[in-house]
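Participant: Would you mind keeping the following structure in view while I ask a few things?
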Amino acid sequence: MSIRKATYSETQKILGHSLEVLKEATMGYVDPVPDKVQQMVAPFLLDGGYYLVDCHNNVIQGWIGVGRTTDYYTDEMVMFIPEIYVLPQYRNQGVAEKLCKEVVRHLKDEGYKKIQLNVFSGNHVKHLYQKLGFQEVSTLMELKLDGDSS
């Protein structure tokens, strides 16, 4: 098993899974349509973002996106994980944890001081992030006004 930067063709395969990734990651909050995927993924890749893949016998088992962004509150440049995904047949085998640990190690070695990510309420991967030391910074809350809220 090896974790390395995805090739161009592997990145194209990853992008082919974008609708299912968006659906699972957002817990149904975002309608997974091609335009929304393009709107979310294109800026990440155009700004130098990339994927690390976990491969075994040249078969991708999972991947993690790595990019950079400006912290909205502090205006500092921080690294950002926009996506982590393990193909269903490889889940519960530690793939996601290995990918996260490799990203943390890699970015730490490069001198970065902070990594951020977003996780939707109810997404079970939040437990992994907490186990790895990620801490909640803020909580987005909403009230739907299109129905009876009493």
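Participant: Specify which of the listed residues (112, 73) is surrounded by fewer than 17 Cβ atoms within 10 Å (Cβ to Cβ), out of contact with any strand residue (DSSP E or B) (no Cβ under 9 Å at 6 or more places or on another chain), part of a loop (DSSP other than H, G, I, E, B) and at pLDDT below 95.
Facilitator: From the options 112, 73, the qualifying one is 73.
Participant: Here is a further query. Give the residue, chosen from 67, 62, 48, that is surrounded by 13 or more Cβ atoms within 10 Å (Cβ to Cβ), touching a Lys or Arg at 6+ places or on another chain (Cβ under 9 Å) and either closer than 18 Å to residue 106 by Cβ or at pLDDT 95 or above (or both).
Facilitator: Numbers: 67 fails: touching a Lys or Arg at 6+ places or on another chain (Cβ under 9 Å); 48 fails: surrounded by 13 or more Cβ atoms within 10 Å (Cβ to Cβ).
None of the others qualify; the one that does is 62.
Participant: In segment 126-150, what residues are closer than 18 Å to residue 81 by Cβ, assigned to a loop (DSSP other than H, G, I, E, B) and not acidic (Asp, Glu)?
Facilitator: 132, 133, 134, 135, 137, 138, 140
Participant: Would you check if there is a residue in segment 37-51 being assigned to a strand (DSSP E or B) and aliphatic (A, V, I, L, M)? I'd like the intermediate steps shown before the answer.
Facilitator: Looking only at segment 37-51, we keep the residues that are assigned to a strand (DSSP E or B), and these are 50-51.
Subset that is aliphatic (A, V, I, L, M): none.
Within segment 37-51, not a single residue is assigned to a strand (DSSP E or B) and aliphatic (A, V, I, L, M).
Participant: Among (1) in contact (Cβ under 8 Å) with a residue 12 or more places away in the chain; (2) assigned to a helix (DSSP H, G or I); (3) of a type in the set (S, T, N, Q), there is one condition residue 123 misses while meeting the rest; what is its number?
Facilitator: Of everything listed in (1) in contact (Cβ under 8 Å) with a residue 12 or more places away in the chain; (2) assigned to a helix (DSSP H, G or I); (3) of a type in the set (S, T, N, Q), residue 123 misses just condition (2).
Participant: Can I ask one more? Residue by residue through segment 44-71, note down the ones that are among the aliphatic types (A, V, I, L, M) and in contact (Cβ under 8 Å) with a residue 24 or more places away in the chain.
Facilitator: 45, 52, 53, 60, 64, 66, listed by residue number.
Participant: So how many residues does segment 1-43 have that are free of Cβ contacts under 8 Å to residues at least 24 places away in the same chain and small (Gly, Ala, Ser)?
Facilitator: 5
The values are calculated or read from the model by the stated rules, or taken from the named source; none is laboratory data. Fair warning: this is a prediction, and the values are worked out from it, not measured in the lab. Neighbour counts run over all protein chains shown; Cβ positions are idealised from the backbone, glycine included.
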